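The values are calculated or read from the model by the stated rules, or taken from the named source; none is laboratory data. This structure is a prediction, so every number in the text was calculated from the model and none was measured. Note that each Cβ is placed from the backbone with ideal geometry, even for glycine, and that neighbours are counted across all protein chains shown. Heads up: the accessible areas ignore ligands, DNA and RNA and are worked out on the full protein's heavy atoms, side chains in. Shrake-Rupley method; radii C 1.70, N 1.55, O 1.52, S 1.80 Å.
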Amino acid sequence: MRAPSSHHQGARRLAARNVPMRESAIQAAVVQHWRLFGQPHTLVAAIPNEAAKGQAGLTKGLPDLLVIGGRVRIAFLELKVPTGRLSLEQKLFRNLCAFVGIEFVAAYGRDEPIAVLERWGIVRPNLNGPVR
């Protein structure tokens, strides 16, 4: 059996690059970025609502990440794939946050939520552009 040619390997890499990230992969990348570049006295933590089926206290529409510190003190970050949309429950949660004066942002893709964390002072800014 022949080893794949470099042309085939390159085509596979290109195809893999065009596959959109899942929200779970975006979340993992954002949390990992905070672990590597987070400012002191900050926290970025997942809200495990979706996978905790059957657990008391589950609430539809809760965002993906709780953010504490920096310029926002406390905020919520909802992560979406580039083509994603907020559900009705997520819009209601966003509206509740606005009503009580808590920052809520829906961020799309992998780079946008990291830019939000930079703007909020949660992670050190990357002066060289997005990490690839």
Quiz item: Give me the pairs: first residue in region 72-84 and farther than 18 Å from A98 by Cβ, second residue part of a loop (DSSP other than H, G, I, E, B) and open to solvent by less than 20 Å² (accessible area, probe 1.4 Å), beta-carbon distance under 6 Å, and six or more apart or on different chains, which are they?
Solution: P82/G109
Quiz item: Looking at (1) over 14 Å from D64 (Cβ atoms); (2) open to solvent by less than 80 Å² (accessible area, probe 1.4 Å), which is the only condition T83 fails?
Solution: (2)
Quiz prompt | Restricting region 33-61 to residues that are among the polar types (S, T, N, Q) and modelled with pLDDT under 95, the residue that is nearest to V100 (Cα to Cα) | solution = T59
Practice problem: Would you be able to say whether some residue in region 10-31 is within 19 Å of the chain's Cα centre (by Cα), among the β-branched types (V, I, T), modelled with pLDDT under 95 and under 21 Å from R94 (Cβ atoms)? | Solution: no
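Residue by residue, here is whether (1) out of contact with any strand residue (DSSP E or B) (no Cβ under 8 Å at 6 or more places or on another chain); (2) modelled with pLDDT under 95; (3) open to solvent by 20 Å² or more (accessible area, probe 1.4 Å) holds:
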{"position": "P63", "(1), (2), (3)": "no, no, no"}
{"position": "K91", "(1), (2), (3)": "yes, no, yes"}
{"position": "P113", "(1), (2), (3)": "no, no, no"}
{"position": "N128", "(1), (2), (3)": "yes, yes, yes"}
Practice problem: Please tell me if A75 is under 19 Å from R22 (Cβ atoms) and open to solvent by less than 30 Å² (accessible area, probe 1.4 Å). | Solution: no
